[in-house]
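Only the coordinates and a few stated rules stand behind these numbers; no lab work does. Keep in mind that what you see is a predicted model, and the values were worked out from it rather than measured. Neighbour counts are summed over all protein chains in view; Cβ atoms, including those assigned to glycine, are modelled from backbone coordinates with ideal geometry.
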Amino acid sequence: DKKNILGIAGSLRQDSFNRNILREMAQHTPDGMDISIFNLKHIPLFNADLEENGDPEAVEDFKDAVKEADGFLIVTPEYSHGMPGVLKNALDWAASVTNINVLDQKPVYVLGASPAPLGTAFSQAQVKQTLAAAGSFVLQQPELYIGKVPNKLDDAGNLQDERTQTKLHEALEAFDNWIDTMNRGKQ
Ligand code: FNR
């Protein structure tokens, strides 16, 4: 069966570098893998009161998509040496303690891109900490910190850098194997 991966970018910006990287990954998947992209723009700010009568529609759509996915892929920017609030907000909804926690035992891969040379290292560390609390099965290697990203994309946002293309592909293959390993562990 084809693996169905849900991907999100931790940015709402129209020309987000991180969404461009995610789109590139979706266009160059390994055989047997599909990546669909969910946009976080309609997810409201987390409020536990809103969870009591079921989740808001956009949250329900998001959580259903994560729940049904074989794997969850997060491509995130870094803001002030942390993850963007937009991403933390979405993860808080997903890891609900009132309703279902769709991140529990979910295979996840995290990467990110930045114009700065460190390439979202601090942000990714935070995301992994949050996913650990949620019980996710996070693939730890390869780590992928895409620095100086504007130099690697053309004006249309397409990835031009061959080295990064190769690394993205290797990462998706590792994630593919990781999902198989985690699913074996569940049986
Ligand atoms: C940034 N940026 C940034 N970059 C980084 O590598 N480390 C950082 O700590 C920060 N801090 C930061 C704070 C705030 C409030 C903003 C708006 C930006 C720059 C950031 O990497 C850049 O804006 C990216 O273009 C954001 O990712 P997207 O939207 O292009 O995917």
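Here the Gaussian network model covers the chain, with springs between Cα atoms less than 10 Å apart; of Leu103, Leu50, Leu40, Leu50 fluctuates the most.
Taken over segment 3-186, lysine pairs spaced eight or more positions apart, or on distinct chains, with alpha carbons under 23 Å apart number 29.
Given R0 = 45 Å, the distance between the Cβ atoms of Lys148 and Glu52 translates into a calculated FRET efficiency of 0.50. Relative to the current alpha-carbon distance between Glu68 and Ala132, full extension at 0.36 nm per residue lengthens the span by 21.0 nm.
Across Ser16, Ser80, Ser123, mean-square fluctuation computed from a Gaussian network of the chain (C-alpha pairs under 10 Å connected) peaks at Ser80.
The helix-only estimate of mean residue ellipticity at 222 nm for the chain, built from DSSP H runs of length n ≥ 4 each weighted as -39500 (n - 2.57), is -13000 deg cm²/dmol after division by the residue total.
Who wins for biggest fluctuation among Asp161, Asp49, Asp61 in a Gaussian network model of the chain, springs between alpha carbons below 10 Å? Result for the chain, Cα springs under 10 Å: Asp49 fluctuates most. For the chain, averaging the sequence separation of C-alpha pairs within contact (under 8 Å, six or more residues apart) and dividing by the residue count gives a relative contact order of 23 percent.
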